[in-house]
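Peer 1: First, the structure itself, so that you have it in front of you.
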Amino acid sequence: MELYPYQQKSVEFLKIKGTAMVGHEVGLGKTLIALSVLANAKKENRPHKTLVLCPAILKLQWKSEQEKFFPEFKSVVITGNAEERARLWLARADIYIANYELLQRDFNFAGGTVWDYVICDEATRISNPRTKTYKILSKLKSVNRLAMTGTPLNNRVQDIYGIINWLKPGYLGNYYAFLNRYCVKNYWGSVVGYVNLEELRKRIRPLITRKTKEEVLPELPDKIISEVPFELSEEERMLYDKITKELLFEIEQADISKVENPITIQATITKMLRLRQLTGSMELLGEKNKSSKLDVLKELLPMALEGEKKAIIFTFFSKMADILERELAVYKPLKITGSVNHREDIIEEFNNNASRQILLMTSAGQYGLNIQIASVVIHYDNEWSIAKMEQREGRAHRINQKNNVLVYHLIARKTMDEYIKKVLYKKQKLANQLLGEQIGVKEIKEILTYGIQ
């Protein structure tokens with residue numbers, strides 16, 4: 001894995017400092033930088049037992065990037081009930097990945113180790129030194145500490161205090177002295193302004209490596225693609241496996257003379273849509289309003305839209321677009337599907353109204369539209385073919401786009417989501433067959449049995 005020059009400089013900075021903050025903007029590869037630091041330590045035969053703390057949504061993404069770029073490491077994701085988590089904490093590994101919420105419950109495991117590195121991803125979670133999470137985090141024993149955030153200040157100077165104080169306890173004095181030195185308060189004690197900011201900037205500069213997209217634009221690709229893997233809930237998994245087994249049973253019980261019949265094949269492919277619907281929301285199957293993918297999307301959006309960005313969210317199903325419109329109402333979404341008229345008016349509203357942060361779109365509504373105001377594309381579900389996925393991304397990633405486009409794929413593990421993204425695209429001939437030509441039962445079974453428990 002070759003790093004971009006700014007990433008390599010950050011790795012060298014962190015090797016020297018040991019404890020510091022990676023404050024690069026979203027999409028500039030902070031995870032890869034941190035993993036590279038750990039890989040260098042391993043090459044130099046230095047200890048490398050690491051604890052990564054991050055939002056729950058990012059746990060599998062950390063493991064995915066580690067396995068892709070640094071397979072020499074063994075990592076475990078801390079998840080499950082208390083008994084399962086205890087087993088995972090006690091497993092032999094180089095990197096232990098847990099979400100912040102688990103720290104209080106499992107401190108008897110995490111707190112019993114002297115970590116070579118503790119890494120806090122999305123470190124704005126620890127900006128408030130008065131929270132329980134911050135206080136228990138401060139009790140962890142470690143040789144080095146890394147904080148990672150694309151928004152170190154998050155619009156409030158006081159937010160930097162907690163992160164820096166966790167990195168270097170006492171470096172900025174106590175919290176109240178910090179507020180008095182750098183914040184202006186009104187009669188009621190609320191912060192209404194800031195002073196001495198140049199002094200503060202010089203004070204924290206030795207602990208931070210930060211780059212904005214504008215600074216490194218020539219080094220970056222036009223599209224920065226990320227996968228966001230997650231697990232289905234137990235209820236969703238049970239229903240997914242049930243539907244899969246029913247489809248396999250139907251194939252096994254069919255008259256052998258009809259199994260390879262194009263009508264039978266097409267009927268089975270149509271039924272397989274139920275599996276794709278299930279990974280989007282149980283509501284699409286007439287079940288309860290429950291969706292792990294939607295929960296992941298809601299957790300992703302505040303991070304993806306940092307800096308007043310706008311996003312296009314694509315889904316294959318028009319009913320899913322309706323659900324997203326309802327569930328994401330806080331972002332005042334607009335929607336374009338095959339049945340929507342006056343698309344130009346919708347695009348104009350999206351382009352010119354800052355409060356409209358999201359445009360929901362189905363594949364039927366994607367063609368011929370230029371939406372350069374959006375610099376984030378989220379595939380809620382995937383199309384069968386790479387060409388159609390590129391058509392989606394082409395709404396934002398085109399001439400006159402002034403920003404790099406961040407592309408996110410939401411991937412339910414061990415489902416058709418993962419099959420389509422990781423397997424089907426490597427077999428583009430099969431993808432083309434699914435779109436028109438006949439395929440055989442062998443290929444259908446391969447799809448259905450992918451990830452089945």
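Peer 1: On each of the three principal axes of the Cα atoms of the range 163-227, give max minus min coordinate, whole Å, ordered largest first.
Peer 2: 49, 27, 26
Peer 1: Taking 1 over the mean of 1/r across every pair of different Cα atoms in the range 211-253, what Kirkwood radius in Å do you get?
Peer 2: This gives a value of 14.6 Å.
Peer 1: State which entries of Lys74/Lys290; Lys63/Lys293; Lys68/Lys242; Lys63/Lys422; Lys30/Lys298 exceed 25 angstrom in Cα-Cα distance in the structure shown.
Peer 2: Values: Lys74/Lys290 33 Å; Lys63/Lys293 18 Å; Lys68/Lys242 31 Å; Lys63/Lys422 16 Å; Lys30/Lys298 21 Å.
The pairs that break the limit, which is 25 Å between Cα atoms, are Lys74/Lys290; Lys68/Lys242.
Peer 1: State which entries of Lys17/Lys59; Lys139/Lys168; Lys271/Lys445 exceed 23 angstrom in Cα-Cα distance in the structure shown.
Peer 2: Exceeds cut-off: Lys17/Lys59.
Peer 1: Size of the dipole of the chain about the Cα centre, Lys and Arg at +1 and Asp and Glu at -1 on the beta carbon, nothing else charged, in debye to 20?
Peer 2: I would put it at about 1700 debye.
Peer 1: Right, another one. Calculate the all-directions average of the projected area of the range 57-204's alpha-carbon convex hull, and give it in nm².
Peer 2: If you wrap the Cα atoms of the range 57-204 in a convex hull and average its projections, you get 10.3 nm².
Peer 1: Sticking with this one: Dipole of the range 42-187, Cα-centred, from +1 at each Lys and Arg C-beta and -1 at each Asp and Glu C-beta, to the nearest 20 debye?
Peer 2: In total the dipole reaches around 420 debye.
Peer 1: Per residue, how much accessible area does the chain show when a 1.4 Å probe rolls over the protein heavy atoms, in square angstrom?
Peer 2: Details: 21240 Å² over 453 residues.
About 47 Å² of surface per residue is accessible.
Peer 1: Additional query: Could you quote the convex hull projected area for the range 1-140, Cα atoms only and averaged over all directions, in nm²?
Peer 2: The directionally averaged projection comes out at 8.4 nm².
Peer 1: So, one more: Over the range 191-322, what lengths in whole Å, largest first, do the semi-axes of the equivalent ellipsoid take, defined as the square roots of 5 times the eigenvalues of the alpha-carbon gyration tensor?
Peer 2: They are 49, 18, 14 Å, listed from largest to smallest.
Peer 1: In Å and whole numbers, how far do the C-alpha atoms of the range 44-124 stretch along each principal axis, longest first?
Peer 2: 33, 25, 25
Peer 1: For the full complex of protein chains and a 1.4 angstrom probe, list Arg92, Arg203, Arg392, Arg343 by accessible area with the highest value first.
Peer 2: On the way: Arg92 205, Arg203 100, Arg392 0, Arg343 55 Å².
Of Arg92, Arg203, Arg392, Arg343, the descending order of accessible area is Arg92, Arg203, Arg343, Arg392.
Peer 1: To continue, here is another question. Grab the Cα-Cα distance for Leu217 and Asn174, subtract it from 0.36 nm times how many residues apart they are, and report the gain in nm with one decimal.
Peer 2: On the way: separation 43, 0.36 × 43 = 15.48 nm, distance 3.82 nm.
Separation in residues times 0.36 nm, less the Cα-Cα distance, equals 11.7 nm.
Peer 1: How much of the accessible area of the range 1-75, in percent, comes from carbon and sulfur atoms when a 1.4 Å probe is used?
Peer 2: 52
Peer 1: Hey, what did the chain get for relative contact order, percent, Cα under 8 Å, at least 6 apart?
Peer 2: 14
Peer 1: Per residue Cα convex hull volume for the range 104-173, in cubic angstrom?
Peer 2: 82
Peer 1: A follow-up question, please. Taking the Cα centre of the range 42-89 as the origin, how large is its charge dipole in debye, to the nearest 20, when only Lys and Arg (+1) and Asp and Glu (-1) carry charge on their Cβ atoms? Spell out each step's value before the answer.
Peer 2: Details: 10 positive and 6 negative charges, 31 e Å.
Here the range 42-89 has a charge dipole of around 140 debye.
Peer 1: Also, I was wondering about something else. So what are the three principal axis dimensions of the range 261-310 from its Cα atoms, in whole Å, longest to shortest?
Peer 2: For the range 261-310, the Cα spread along each principal axis is 53, 24, 12 Å.
Peer 1: Which value results when the Cα radius of gyration for the chain is divided by 2.2 N^0.38 Å?
Peer 2: Ratio of Cα Rg to 2.2 N^0.38 Å: 1.07.
The values are calculated or read from the model by the stated rules, or taken from the named source; none is laboratory data. Everything numeric in this text was worked out from a predicted model, so none of it was measured. Here Cβ is always computed from backbone atoms with ideal geometry, including for glycine, and neighbour counts include all displayed protein chains. Each accessible area value is taken on the protein alone, full model and side chains, heavy atoms only, with ligands, DNA and RNA left out. Shrake-Rupley method; radii C 1.70, N 1.55, O 1.52, S 1.80 Å.
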